Amino acid sequence: MRTLTSLVLAVGLAAVTPVVAAAQKLPLTDISAYLNKLQTAKGEFTQINDDGSISTGTIYIKRPGKVRFEYNPPESALVIAGSNTVVIYDKKSNQPAESYPLARTPLSIILARNVDLGAANMVTGHKFDGTATVVTAQDPANPQYGNIQLKFTGTPVELRQWVINDGNGSQTTVVLGDLQKGGNLSNSLFDVGSPGSTANR
């Protein structure tokens, strides 16, 4: 079974080219506002793992603090973040689920109740790469946990991908499809103690 980072993480790109919507660097205040308004969302994702393999699936986001990655076959993994914990289930394995504190993954930065990318020492990179704004962020109190590199297009602002660089040197890219924002997502989808069946799509 893959490690946490090689599975997901923590929220996305060599395989997909983001739509160019505005040829300018987005301000951190606009990006923070976008993330804070993103309460619930659902969409397809493509994941490029540290070993170069590719996985696909459906992501469910419910801020603050909740995300669910359902992987398409032949993958048998399910990753859920909730109750300040990330849990990885492998349906084909007899081994216990792996669990990690959410705070130890860079994904916690965008799942926070109040995202403030202007906080001291959080953002270590902010640039425009010709097609999108790229923001590299870390937990300023725990930089050893790694960082998350977020890619946004605008306007309107849209999150297109993230790259997780964990404290062990592993890298995982998650490319997001079009997110369906809003609507009600049951808290049971994010119950780390009971993974349940695949969510209705």
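The values are calculated or read from the model by the stated rules, or taken from the named source; none is laboratory data. Note that the coordinates shown come from a computational prediction; the quantities given were computed from them, not determined experimentally. Heads up, the Cβs are rebuilt from the backbone with ideal geometry, glycines too, and the neighbour counts pull from every protein chain shown. These area figures cover heavy atoms from the full protein model, side chains too; ligands, DNA and RNA do not enter into them. Shrake-Rupley method; radii C 1.70, N 1.55, O 1.52, S 1.80 Å.
Within the chain, the ratio Rg/Rh, alpha carbon atoms throughout and Rh by Kirkwood, equals 0.94. Placing LYS91, LYS25, LYS62 in order of accessible area, with the largest value first and a 1.4 Å probe, yields LYS91, LYS25, LYS62.
Counting heavy atoms of the protein chains alone, LYS127 has an accessible area of about 120 Å² for a 1.4 Å probe. Sequence-distant contacts, meaning Cα pairs under 8 Å at least 6 residues apart, place the relative contact order of segment 26-76 at 28 percent.
Candidates GLY182, LEU159, VAL115 compared by Cα position along the dipole of segment 38-187: farthest toward the positive end lies GLY182, with charges placed on Cβ. Sorting VAL123, VAL87 by solvent-accessible area of protein heavy atoms yields VAL123, VAL87, largest first, with a 1.4 Å probe. When the helices of the chain are scored as -39500 (n - 2.57) per DSSP H run of n ≥ 4 and the total is divided over every residue, the value at 222 nm lands at -2000 deg cm²/dmol. The lysines within cross-link reach of LYS25, meaning a Cα-to-Cα straight distance under 30 Å and a gap of 8 or more places when in the same chain, are LYS37, LYS42, LYS62, LYS66, LYS127, LYS151, LYS181. Taking 17 Å as the straight-line reach from the Cα of LYS91, the aspartates and glutamates in range (excluding those fewer than 8 positions away in the same chain) are GLU70, GLU75, ASP191. About its Cα centre, segment 45-187 has a charge dipole of approximately 420 debye under the convention of +1 per Lys or Arg Cβ and -1 per Asp or Glu Cβ, with nothing else charged. Largest accessible area first, the listed residues GLU70, GLU44 line up as GLU44, GLU70 when surface is computed with a 1.4 Å probe on the assembled protein chains. A simple spin-label model places pseudo-atoms 7 Å from Cα toward Cβ; at LYS181 and GLN144 they are separated by 3.7 nm.
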